[in-house]
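Everything on this sheet refers to the single structure shown next.
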Amino acid sequence: MNIIHVSAECYPVAKVGGLADVVGALPKYQNNSEVSSQVIMPFYDVKFTKENTFTSVFKSKLSLGDSTYKFNILKLEKDVLDFDVFFVDVPNLLFKDYVYSSDDTNRFLAFQIATLDWMLTWKTLPDIIHCHDHHTGLIPFMLQESYKYEPFRKIPNILTIHNAQYQGWFSHNNVNLIPTFNFDHVGLLDWGGNINPLAAAIKCAWRVTTVSPSYMEELKTAANGLESLLSDESAKCSGILNGIDWNVWNPETDNYIIKNYNQKTIVTGKKANKKELCDRFNLDINKPLFAFIGRLVEEKGSDLFPETFKIALKNPNISILLLGSGNKDVENQLETLKEEYKGQYNAFIGYDEKLSHIIYAGADFLLMPSRVEPCGLNQMYALRYGTIPIVRSIGGLKDTVTDISEENGFGICHDNVTVLEMTNAIERGIALYKNQTKFKKTRIQIMKIDHSWDASAKQYINLYNSIN
């Protein structure tokens, strides 16, 4: 079975969020089974594309309304990702030093059209076309409705929603950008008076998945306007929990961290990595270290960090370290706290892949007070490295973290995103840290939890088989 994944992101080529991690791992694990998975993505002007070489396998032109653009399909020359990746190079639109911008309608429409135009030339068509998020959301509609893509009518297609907050809206004034279709069916594109690629994909895709079972259920009541649509289409919807790349995220072999370790050597291993963090950021290695890694946006609850940290840091027996960027006002507030709580708090505003790995390896607790978390991967990375997650029970966090007060529980959970509940959760973490016997036992317990892609990849393959 030949699977084509179409995505705006793929780790390590281009990463903005968890979408990249999924598309960079799922095909690899599927290729270990009875299927062949490949990825088609845009060609960006980023570090990965500068450092690698590519071969052109197809050249043509595409129409976008009244405009015409040349495009190339490129293939990575060296097999560095364990699966084939093809790149859509539309120099005037996609070859930028960023993945997303404030106006991406033309960019991602060109990407989707070029992808399908190239596929029209294939001698053997794919068995499944798997689309990821709204950037590829018009593909299911075009497969079903655009005249030029009639040869694809019988190819099953799947949409995976990684984050329903972003839907790719644009005006009906731009409907002419979409390859000609039966205009009697223009309503398939509409939601709320705009063309909505994510809504169109939900209507037209053969199956719709989300990245965790709980997120699928939550979307029926909170999907940024798509609640009724998802409820109406629920018969073809399901949630499949993401996994993590067990080889990349492995404390026993991770080249980024200071000292490798496993369940037997966790004490010395985590201590060495914690020492590196504490030395670098002027923190006390003897205090419990609470960390955050991620975007400083409202979805992640980070707007409450300045006030939460001020209250939590009144306790002199804790340390907090933050790695992230996003809202400039929040960034400034978090930077200001450095002077006030020197020796107890620090922050790295920005992103550093190596540092993130060391934090997973060296921190005692990971904070994830998300308002929205379709799946969440950070908590799975933390578990893999023996770092206890402190999470808000929502979406994938609810599916992957069980509160320590419950039977076989191992994390710290809270129900709401408030300063009070966040600080209470930190206090519970402090209490757990003081009970070193239980704390150490819990760290070993969570390292045994298997969130590799193996099980999830099989669920996707079962889904493919059900419609192929």
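Data overview
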read-out	value
Compactness index (Cα Rg / 2.2 N^0.38 Å), the chain	1.01
Gap separating the Cα centres of the stretch 319-360 and the stretch 196-219, nearest whole Å	34
Using a Förster distance of 35 Å, the FRET efficiency for K123-N250 (Cβ separation, nearest 0.05)	0.30
By average C-beta atoms within 10 angstrom, highest first, the peptides 292-303, 238-249	292-303, 238-249
Considering only the chain, percent of DSSP beta bridges that pair antiparallel, nearest 5	30
Label point 7 Å beyond Cα of H172 along Cβ direction - residues of the stretch 183-214 with amide nitrogen under 16 Å	183-197, 200
Cut-off under 5 Å, modelled amide H: who pairs with I40 long-range	H5, V6, S7, F86
Extension gain (nm, one decimal) between T68 and N408, 0.36 nm per residue minus Cα-Cα	116.4 nm
E298-I449 pseudo-label distance in nm [points 7 Å out on the Cα-to-Cβ vector]	2.9
Simple label model, 7 Å out from Cα along Cβ direction - E233 to N32, nm	3.1
Ordering of 214-224, 135-145, 405-415 by packing [mean C-beta count within 10 Å, highest first]	135-145, 214-224, 405-415
Trypsin sites (Lys or Arg not before Pro) restricted to the stretch 380-468 and DSSP loop, no more than 14 other C-beta within 10 Å	K448
Calculated P(r) tail over 30 Å for the stretch 266-447, as whole % of Cα pairs	8
Computed over the chain: relative contact order in percent, which uses C-alpha pairs under 8 Å that are six or more apart	12
GluC sites (Glu not before Pro) restricted to DSSP loop in the stretch 1-74 with at most 14 other C-beta within 10 Å	E34
Förster radius 45 Å - calculated FRET efficiency between K328 and I467, Cβ distance, rounded to 0.05	0.50
Per DSSP, loop trypsin sites (Lys or Arg not before Pro) in the stretch 1-110 with at most 13 further Cβ within 10 Å	K78
Ranked by how many other beta carbons lie within 10 Å on average, peptides 157-165, 116-124 from highest	157-165, 116-124
Amide N proximity, the stretch 363-404 versus R280 label position 7 Å along Cα-to-Cβ, cut-off under 15 Å	363-364
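No lab work stands behind these numbers, since they all come straight from the coordinates. Because the structure is a prediction, the values reported are computed rather than measured. Counting neighbours? That spans all protein chains shown, and the Cβs are built from the backbone with ideal geometry, glycine included.
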